[in-house]
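Please read the structure below before turning to the comments.
Laboratory data are not the source of any read-out in this text; all were calculated from the coordinates shown. Please read all numbers here as calculations on a predicted model, not as lab measurements. Glycine also receives a Cβ, built like all others from the backbone with ideal geometry; neighbour counts cover every protein chain displayed.
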Amino acid sequence: MEIDKIIEAGKIAAKVREETKKLIKPGVKLLDVAEFAESLIKELGGEPAFPCNISINEIAAHYTPKLNDDLVFSDEDIVKLDLGVHIDGYIADTAVTVDLSGKYKDLVKASEDALYTVINEIEIPMNIGEMGRIIQEVIESYGYKPISNLSGHVMYRYELHTGTSIPNIYERTNKVIDVGDLVAIEPFATDGFGMVKDGNLGNIYKFLAKRPIRLPTAKKLLEKIESKYKYLPFAERWVINNEKEKSALNSLLRASAIYGYPILVERNKGMVSQAEHTIYITENDVIITTK
């Protein structure tokens, strides 16, 4: 049943999040942490719904380690670990912030408190603008700003973003979440400006369309991507093994056969925290699947 797959994906995501965050320590490679998370998801019976995101300091989202990435955590970092699990396309999306510096405890608490407060205040049907108001008020009560151009999202089978977003600030809208909705709620808090901008590509891609590709290596790579990752995002390191294949990937990007996600950077390079759970709404309850 659909509900069983939703609940199981959430259980796996919660376990992987808790086990993986233990590995986030100074001197540890980001690549090792991401690969541990993705391997554990599969070991527990799920599949990654998207590449494990490890976003540090002013980077809010969309960085995953590249092939042979040698970046390591430092004792000054505030780290966002964001991962997704799917079972037969039914998704669980969750995130946690790890403060290695010890300087940002209140910033971490601001996003966590906003997350649990808004979930506890949900009354079905729930206006999404009111959800944004709650998130904004909680984060601002800590002296920080919510990131206004990032949001949570309703999810469908094999669809991470359906067009209905859960804002992190108040918005005047008639849109609601209701019974049967699967929703990722993810407050972001910052000591910066309160908005993100696009940075460089973060090694995360999605399939767009089959295009006429002449280069044999690129053509073969596109076939592989279409067969394995037609619906959900994938990591560069999942599909390439060498520089020749990296060049092929870039040619697919230029041909608009795939899309590359840019990293999202706080506009004033402020520090960013994130907390995220997936909820499933039934007639009688709001179930936190990733708790």
Per 10 Å bin, what percent of the C-alpha pairs of region 1-63 does each bin hold, from zero upward? 20, 50, 24, 6, 0
Could you put Lys230, Lys5 in order, starting from the residue whose Cβ has the fewest other Cβ atoms within 10 Å? Lys230, Lys5
Let me check against my output: what whole-number percent is the relative contact order of region 9-142, with C-alpha pairs under 8 Å and at least 6 apart? 24 percent
The relative contact order of the chain, taking Cα pairs under 8 Å that sit 6 or more residues apart, comes to a percentage of 23 percent
Rounded to the nearest 20 debye, dipole of region 1-158 from Cβ charges on Lys, Arg, Asp, Glu: 140 debye
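Assuming 0.36 nm per residue, please report the length gained on full extension of the stretch Arg267 to Lys291 beyond their Cα-Cα distance.
Between Arg267 and Lys291, full extension yields an extra 5.5 nm.
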Per DSSP, loop GluC sites (Glu not before Pro) in region 195-291 with at most 12 further Cβ within 10 Å: Glu283
Thinking of the chain as a set of Cα atoms, what percent of all their pairs are more than 33 Å apart? 20 percent
Could you please state, rounded to a whole Å, how far the C-alpha centre of region 132-162 is from the C-alpha centre of region 252-291? 9 Å
With just the Cα atoms defining each centre, how far is region 91-107 from region 22-71? Give it in Å. 14 Å
Distance (nanometres) between label positions extended 7 Å along Cα→Cβ at Leu44 and Thr173: 2.9 nm
With 0.36 nm assigned to each residue of separation and the Cα-Cα distance removed, Asp4 to Lys22 gains 3.7 nm
Within region 91-157, report the trypsin sites (Lys or Arg not before Pro) that DSSP leaves as loop and that have at most 12 other Cβ atoms within 10 Å. Lys103
Need the full-extension length gain, Asp106 to Tyr158, defined as separation in residues times 0.36 nm minus the C-alpha distance. One decimal, nm. 15.2 nm
Ranked from fewest to most other Cβ atoms within 10 Å of their own Cβ, His161, His153 fall in the order His161, His153
Out-of-range pairs (alpha-carbon distance over 25 Å; input Lys11/Lys66; Lys25/Lys244; Lys105/Lys269; Lys66/Lys220; Lys21/Lys109): Lys11/Lys66; Lys25/Lys244
Taking the Cβ of each residue in Thr278, Thr20 as the centre, tally the other Cβ atoms inside 10 Å and list the residues starting with the fewest. Thr20, Thr278
Cα gyration tensor shape for region 202-263, rounded if a/c is under 1.5, else prolate or oblate: rounded
Testing the spin-label approximation: label points 7 Å from Cα along Cα→Cβ at Asn68 and Arg214. State their distance in nm. 2.9 nm
Directionally averaged projected area (convex hull, Cα atoms, region 161-226), nm²: 8.2 nm²
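Taking all pairs of different Cα atoms in region 118-232, averaging 1/r and flipping that mean, what Kirkwood radius in angstroms comes out?
16.6 Å is the Kirkwood radius here.
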To the nearest 20 debye, the chain has a Cα-centred charge dipole, built from +1 on Lys and Arg Cβ and -1 on Asp and Glu Cβ, of 1420 debye
Approximate spin-label separation Ser141-Lys197, in nm, with each point projected 7 Å along Cα-to-Cβ: 3.3 nm
